[in-house]
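A short worksheet on the structure shown next.
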Amino acid sequence: MTMFAATSLDLLRDGELSLHGRLVTASNATFQGTLSRGDDTATVVYKPVRGEKPLWDFPDGTLAQREFAAYVVSEALGWSVVPPTLLRDGPLGEGMVQLWVDEAEPTEDRTELVDIVPQGQVPPGWLGVLDALDGRHNPVTLVHADTVELRRMAVFDAVVNNADRKGGHVLDAQGKGVFGVDHGVTFNADDKLRTVLWGWAGSEVPRELLDDVQRLADELAGGLGAELRQLITGIELTATLERCHALVRTGKFPLPSEDWPAIPWPAF
């Protein structure tokens, strides 16, 4: 059960949306707002389609459709990687509306799930991803926590071909769940996996996750595939199904490609 288990999708669908302000660091128009219906309220993220910047390698559909498609796949897997998300009308037209995640504040005893540490000092329970130099030319290592939640997220990203899993897109909801956000550049037919969660690369995927991926593949060949076909192209749907089959066949987390950058930039 996640922090959103008791939240009705009816509020996302039917609530009156009012905007608080714009998240100015986002590359596309992104707003925080409140949905209200009677005594029920919820804070949300709203990304109107009209505020999207065209991308040459994602020419079909909209980023909002891909965000919703990512939620549909997350729910089909039963993993709740993506906060509840819908496509609906808003003050600036149709867009993606997603429940807001209140992230835990870092403390001395609690850090981000994706972090930077001095080289050679990967803490227990963490996995190293990349050695690099920071802005002051100090040797550092990009690391992430070795947790069940992030392992699921890494498999999810491989399935949806996430091209932008930055550290800031991994949210720890104050012990109430771990969620991924910003899935507008997903489902491309070409391999584009770019992520900070490479710590398990080449290792075996837990059997229970592979069973879920196989079940997803079976559903993609039926009604779920028909639903996603309204959000992504037929070629992209076929590629998603093929990625599921490849994961089940190899039983291993994918390796970074040598043909494109494996880490999104910036990483955070």
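A few comments on the model shown:
- Each Lys and Arg contributes +1 and each Asp and Glu -1, all at the Cβ; summed about the Cα centre of the range 9-152, the dipole is approximately 420 debye.
- Gain on full stretching of the segment that runs from Arg50 to Thr238 - 0.36 nm per residue minus C-alpha separation: 64.9 nm
- Probe 1.4 Å - accessible area at Ser8, Å² to nearest ten: 50 Å²
- Ordered from highest to lowest accessible area with the whole protein assembly present and a 1.4 Å probe, Lys252, Lys53 read as Lys53, Lys252.
- Put Thr41, Thr30, Thr238 in order of accessible area, highest first, and with a 1.4 Å probe you get Thr41, Thr238, Thr30.
- For the chain, built as a Gaussian network whose Cα springs stay under 10 Å, the top-fluctuating residue of Val24, Val143, Val44: Val24
- Lys47 accessible area, assembled protein chains, probe 1.4 Å, Å²: 40 Å²
- Cα gyration tensor category, rounded, prolate or oblate, for the range 99-201 with a/c compared to 1.5: oblate
- Residues of the range 48-63 with amide N under 12 Å of a point placed 7 Å along Cα→Cβ from Glu94: 49-50, 61-63
- Computed helical MRE - 222 nm, the chain, DSSP H runs ≥ 4 contributing -39500 (n - 2.57), nearest 500: -8000 deg cm²/dmol
- The spacing between the range 183-256 and the range 115-174, judged by their C-alpha centroids, is 20 Å.
- Under 19 Å from the Ala104 label point (7 Å along Cα→beta-carbon), backbone N, the range 132-156: 143-154
- Portion, in percent, of the accessible area of the range 85-194 that falls on carbon or sulfur, probe 1.4 Å: 46 percent
- In range of the label at Asp60: residues from the range 176-193 whose backbone nitrogen is under 11 Å from the point 7 Å along Cα→Cβ: 188-190
- Heavy-atom surface of the range 109-168, accessible at 1.4 Å and reported per residue (Å²): 48 Å²
- Between Leu19 and Glu208, the simple label model (points 7 Å from Cα in the Cβ direction) yields a spacing of 4.2 nm.
- Accessible-area order (highest first, 1.4 angstrom probe) of the listed residues His245, His169, His137, His20: His137, His20, His245, His169
- Net length gained if the chain between Ser8 and Ala201 were fully extended (0.36 nm per residue, minus Cα distance): 65.8 nm
- Rounded if a/c under 1.5, otherwise prolate or oblate - the range 1-103, Cα gyration tensor axes: oblate
- Simple spin-label estimate for Lys176 and His245 gives 4.1 nm between the two label positions (7 Å along the Cα-to-Cβ direction from each Cα).
- Remark: the Cα gyration tensor places the range 194-238 in the oblate category, a/c being 1.5 or greater and a/b not exceeding b/c.
- For the range 37-46, backbone phi angles converted through the Karplus equation (6.51, -1.76, 1.60; θ = phi - 60°) give residue-by-residue couplings of 8, x, 8, 8, 9, 7, 7, 9, 9, 10 Hz, Gly and Pro being listed as x.
The values are calculated or read from the model by the stated rules, or taken from the named source; none is laboratory data. Since the structure is predicted, the reported quantities are computational estimates derived from the model, not experimental observations. Ideal geometry is used to build each Cβ from the backbone, glycine not excepted, and the neighbour counts take in all protein chains shown. To get the accessible areas, we keep the full protein, side chains included, count just its heavy atoms, and leave off ligands, DNA and RNA. Shrake-Rupley method; radii C 1.70, N 1.55, O 1.52, S 1.80 Å.
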